[in-house]
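Q: Structure incoming, see below.
The values are calculated or read from the model by the stated rules, or taken from the named source; none is laboratory data. Since this is a predicted model, take the numbers as computed values, not measurements. Note: ideal-geometry Cβ built from the backbone for every residue, glycine included; neighbour counts use all protein chains shown.
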Amino acid sequence: ALTIGIAGLPNVGKSTLFNALTRAQVLAANYPFATIEPNVGVVPLPDPRLAKLAEVFGSERLLPATVSFVDIAGIVRGASEGEGLGNKFLANIREAEAICQVTRAFADPDVVHVDGKVSPRDDIETVNTELILADLQTLEKTIPRLEKDVKIKRGDPALLAAAQGAQTLLEAGTTLFSGAAAAKLDLTQLATLQLMTAKPFIYVFNTDDAGLADEAFQAELRAFVAPAPAIFLDAKFESELIELEPEEAAEMLADSGQDEPGLNQLARVGFEALGLQTYLTAGPKEARAWTIHKGWTAPQAAGVIHTDFERGFIKAEVISFDDLVEAGSVAAARSAGKARIEGKDYVMHDGDVVEFRFNV
Ligand code: GDP
């Protein structure tokens, strides 16, 4: 499943954030196909385009795309050696498609820090060291086997070279996700090895009012984790916000000087990290966003609605969201020449408004 694993040291606010995420599952009732598991939070991807589409089509309800977060047991120093919940942690994190690392950046004398001091950089180093060590263990087992296979001309020399490149990076203390581009390492080649630090990383800094207002502090941490994205939020505040009625929540948000809830940012950044995008459909019943991978063709996109749509795909009528809103209706968009008929090789764009034609 395309889930984002929430990881981090103990006592940094992971459960608080995860609880806020599960409370945000208000739309779950609209997704009868989604099985709700206790350690998975399925949150809507905020998409203001749906409300506009619903206006154009008179749709009764909105169905945004969703992003799934899975709660992963806290990591401790020595996890790569099976310390604490180490093995369970590593197994959980292997299953996630991306890693959201929560780091404590709030001051609170009542909340104990496992290492006795609040230092986001040190915490990130501690967690990433465990992940790097676990990946090195994987490579130490794999590389000799790959070498043997290549010697007898059965193995793939490119895979071996990539594995060795990965080992060099990891030995230098760099996660594969952040070091691959500079080292010209193609991570897709290593996919079969399921290395943890090759997954997309997102950093959530769980901070307080002071941290949310401190741009220099944020810029420094952003630079530290780049190219991974950083989100600054107050998990406790988010968990309180989610309990309120929309008007009250908007007021509280405005009072705090924030434009939108941190959870919205997290959903967007998470969706992006998974390499996903959406296309849109609309009618009198619903305006809906469908999740696809970047680079998918029209028949693949149709298959998300129903496998028969992919098999029987004939063509798609596509109007870009902006063109449709500007025209005001499908008919107006058609007469303005903004409705395109696309065939099976068409590569979908984010925000395409689509109607598929298919044989059954
Ligand atoms: P976990 O071990 O990472 O899951 O951490 P928890 O979510 O259980 O949080 C540990 C403690 O920190 C709890 O007492 C929380 O109430 C507190 N906490 C979590 N987030 C915040 C925050 O943003 N600000 C403050 N002051 N306390 C927080």
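Q: Checking the conditions here, which among Ala267, Ala210, Ala182, Ala228 is away from the ligand (no atom under 16 Å from the Cβ) and farther than 20 Å from Val67 by Cα? Spell out how you get there, then give the answer.
A: Working: Ala267 fails: farther than 20 Å from Val67 by Cα; Ala210 fails: away from the ligand (no atom under 16 Å from the Cβ); Ala228 fails: farther than 20 Å from Val67 by Cα.
Residue meeting the stated conditions: Ala182.
Q: Need a quick list: helices (runs of 4 or more DSSP H) entirely within the stretch 40-151 having at least 1 residues that are touching a strand residue (DSSP E or B) at 6+ places or on another chain (Cβ under 9 Å), of a type in the set (Gly, Ala, Ser) and more than 16 Å from the ligand (Cβ to nearest atom). So that I can check it myself, show each step before the final result.
A: On the way: elements: 49-57, 86-95, 120-151.
In the stretch 40-151, 49-57 are the helices (runs of 4 or more DSSP H) which contain 1 or more residues that are touching a strand residue (DSSP E or B) at 6+ places or on another chain (Cβ under 9 Å), of a type in the set (Gly, Ala, Ser) and more than 16 Å from the ligand (Cβ to nearest atom).
Q: Given the conditions (1) in contact with a Pro (Cβ under 7 Å, 6 or more places away or on another chain); (2) modelled with pLDDT of 95 or more; (3) within 16 Å of the ligand (Cβ to nearest atom), report the number of the one that Asp234 does not fulfil.
A: Only one criterion in (1) in contact with a Pro (Cβ under 7 Å, 6 or more places away or on another chain); (2) modelled with pLDDT of 95 or more; (3) within 16 Å of the ligand (Cβ to nearest atom) is unmet by Asp234, namely (1).
Q: Go through the residues of the stretch 114-134 one by one and say whether even a single one is surrounded by 13 or more Cβ atoms within 10 Å (Cβ to Cβ), over 29 Å from the mean Cα position of the chain (by Cα) and of a type in the set (Asp, Glu).
A: So far as the stretch 114-134 goes, no, none of its residues is surrounded by 13 or more Cβ atoms within 10 Å (Cβ to Cβ), over 29 Å from the mean Cα position of the chain (by Cα) and of a type in the set (Asp, Glu).
Q: Select the strands (runs of 3 or more DSSP E) contained entirely in the stretch 265-360, then report the ones holding at least 3 residues which are under 24 Å from Glu60 (Cβ atoms) and hydroxyl-bearing (Ser, Thr, Tyr).
A: Details: elements: 276-282, 286-293, 313-320, 340-342, 352-358.
It comes to 276-282.
Q: May I ask you to verify whether Ile4 is at pLDDT below 80 and away from the ligand (no atom under 12 Å from the Cβ)? Lay out the reasoning, then the answer.
A: Details: at pLDDT below 80: no; away from the ligand (no atom under 12 Å from the Cβ): yes.
No; evaluated as a whole, the condition is false for this residue.
Q: Regarding Ser15, is this residue away from the ligand (no atom under 16 Å from the Cβ) and either at pLDDT 90 or above or in contact with a Cys (Cβ under 7 Å, 6 or more places away or on another chain) (or both)? I'd like the intermediate steps shown before the answer.
A: Numbers: away from the ligand (no atom under 16 Å from the Cβ): no; either at pLDDT 90 or above or in contact with a Cys (Cβ under 7 Å, 6 or more places away or on another chain) (or both): yes.
Considered against the rule, which asks whether it is away from the ligand (no atom under 16 Å from the Cβ) and either at pLDDT 90 or above or in contact with a Cys (Cβ under 7 Å, 6 or more places away or on another chain) (or both), Ser15 comes out as no.
Q: Here are some residues: Leu169, Leu195. Which one is touching a residue at least 60 places away in the same chain (Cβ under 8 Å) and more than 16 Å from the ligand (Cβ to nearest atom)?
A: Values: Leu169 fails: touching a residue at least 60 places away in the same chain (Cβ under 8 Å).
Selected residue: Leu195, the only one of Leu169, Leu195 that is touching a residue at least 60 places away in the same chain (Cβ under 8 Å) and more than 16 Å from the ligand (Cβ to nearest atom).
Q: How many residues does the stretch 245-263 hold that are in a helix (DSSP H, G or I) and either more than 18 Å from the chain's Cα centre (by Cα) or surrounded by fewer than 19 Cβ atoms within 10 Å (Cβ to Cβ) (or both)? Steps first, please.
A: So in the stretch 245-263, the residues in a helix (DSSP H, G or I) come out as 246-255, 262-263.
From what's left, either more than 18 Å from the chain's Cα centre (by Cα) or surrounded by fewer than 19 Cβ atoms within 10 Å (Cβ to Cβ) (or both): 246-255.
Final tally of qualifying residues: 10.
Q: Is it the case, given these coordinates, that Gly275 is in contact (Cβ under 8 Å) with a residue 24 or more places away in the chain, surrounded by fewer than 22 Cβ atoms within 10 Å (Cβ to Cβ) and within 25 Å of Trp296 (Cα to Cα)? Show your work before the answer.
A: Working: in contact (Cβ under 8 Å) with a residue 24 or more places away in the chain: yes; surrounded by fewer than 22 Cβ atoms within 10 Å (Cβ to Cβ): yes; within 25 Å of Trp296 (Cα to Cα): yes.
Yes; evaluated as a whole, the condition is true for this residue.
Q: Report, by residue number, each residue of the stretch 198-224 that is of a type outside the set (Phe, Trp, Tyr) and within 25 Å of Leu187 (Cβ to Cβ).
A: Filtering the stretch 198-224 down to residues of a type outside the set (Phe, Trp, Tyr) leaves 198-200, 202, 204, 206-216, 218-223.
Selection gives Ala198, Lys199, Pro200, Ile202, Val204, Leu221, Arg222, Ala223.
Q: If I ask for residues that are surrounded by 20 or more Cβ atoms within 10 Å (Cβ to Cβ), in contact with a helix residue (DSSP H, G or I) (Cβ under 6 Å, 6 or more places away or on another chain) and at pLDDT below 80, which ones from the stretch 74-105 would you list?
A: Correct list: Ile75, Ala79, Ser80, Phe89, Leu90.
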